[in-house]
Amino acid sequence: MSKRRIFLVRHGETDWNLAGRLQGGHDIPLNDLGREQAAGLARVIERLAGNVAPLDYIASPLSRTAQTMAILRAELGLSPDDFRRDPRLKEISFGRWEGHTWTELRRRDPQSVADHRADPWRYRPPGGESYSDLSVRVLAAIADIARDAVVVTHGGVVRAMLHALAGMPAQEAVFLPVRQGAVYLIEDGAFELAVA
């Protein structure tokens, strides 16, 4: 493991986050609070990193992550659109579960939800992917990061990265409530949570 630091960020809030809907690959934009959270992230990253210019900036290509990155870069005085978009950092696919809340899924498909609870790291929702599947593509993306980097991505990807890079047990990581408007600084096999 290199000595690089990863400033790991979940995108700002969307209306689907507010409603508790599984977004996955659906391209849902930030809401007003999400845009405020993105702006606040810049202060946290600047406080943690110091000189922000030499950092690598990478985001999932979905609009909620790209918007978050553009806003925080603008707040840092950097060109808003000068960052890499890596499709391997997209959210975990929930397949046919996307667009639904957990309450709706428990009512419509209680057996699948029970199967998910029994083995959440390896369970694949109908038409979707497991956290184990997600980890393979996320680790490939991380292997391509050579220097300290700001990575704006999704809750599922944050969980996979905390498991892979900071040793969080899979059964703990899969249910971790990942905060918006916060930075997970991963360094030397551990992480710290920093908020504005």
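Is one or more of the residues making up the stretch 100-120 under 21 Å from Leu62 (Cβ atoms), touching a residue at least 12 places away in the same chain (Cβ under 8 Å) and outside any helix (DSSP H, G or I)? Yes: one or more hits. Does Leu18 qualify as being open to solvent by 10 Å² or more (accessible area, probe 1.4 Å), farther than 23 Å from Ala190 by Cβ and without any contact (Cβ under 8 Å) to a residue 40 or more places away in the chain? Spelling it out, Leu18 is indeed open to solvent by 10 Å² or more (accessible area, probe 1.4 Å), farther than 23 Å from Ala190 by Cβ and without any contact (Cβ under 8 Å) to a residue 40 or more places away in the chain.
In the stretch 122-147, the qualifying residues are those that are more than 16 Å from the chain's Cα centre (by Cα) and more than 30 Å from Leu55 (Cβ to Cβ), and the one that is most open to solvent (accessible area, probe 1.4 Å) is Arg122. For the stretch 150-188, residues that are in contact (Cβ under 8 Å) with a residue 12 or more places away in the chain, open to solvent by 40 Å² or more (accessible area, probe 1.4 Å) and more than 12 Å from the chain's Cα centre (by Cα) total 7.
Just need a number here: residues in the stretch 74-96 that are part of a helix (DSSP H, G or I) and open to solvent by less than 10 Å² (accessible area, probe 1.4 Å). Qualifying residue count for the region: 1.
Residues of the stretch 21-50 that are farther than 14 Å from Val178 by Cβ and assigned to a loop (DSSP other than H, G, I, E, B): Gly24, Gly25, His26, Asp27, Ile28, Pro29, Asn31, Gly50.
Can you find a residue that is of a type in the set (D, E, K, R) and more than 12 Å from the chain's Cα centre (by Cα) anywhere in the stretch 93-101? Yes, the stretch 93-101 has at least one match.
The values are calculated or read from the model by the stated rules, or taken from the named source; none is laboratory data. Owing to the predicted nature of the structure, the values given are computational and were not obtained by experimental measurement. Positions of Cβ are generated from backbone atoms using ideal geometry, with glycine treated the same way; all protein chains shown enter the neighbour counts. Each accessible area value is taken on the protein alone, full model and side chains, heavy atoms only, with ligands, DNA and RNA left out. Shrake-Rupley method; radii C 1.70, N 1.55, O 1.52, S 1.80 Å.
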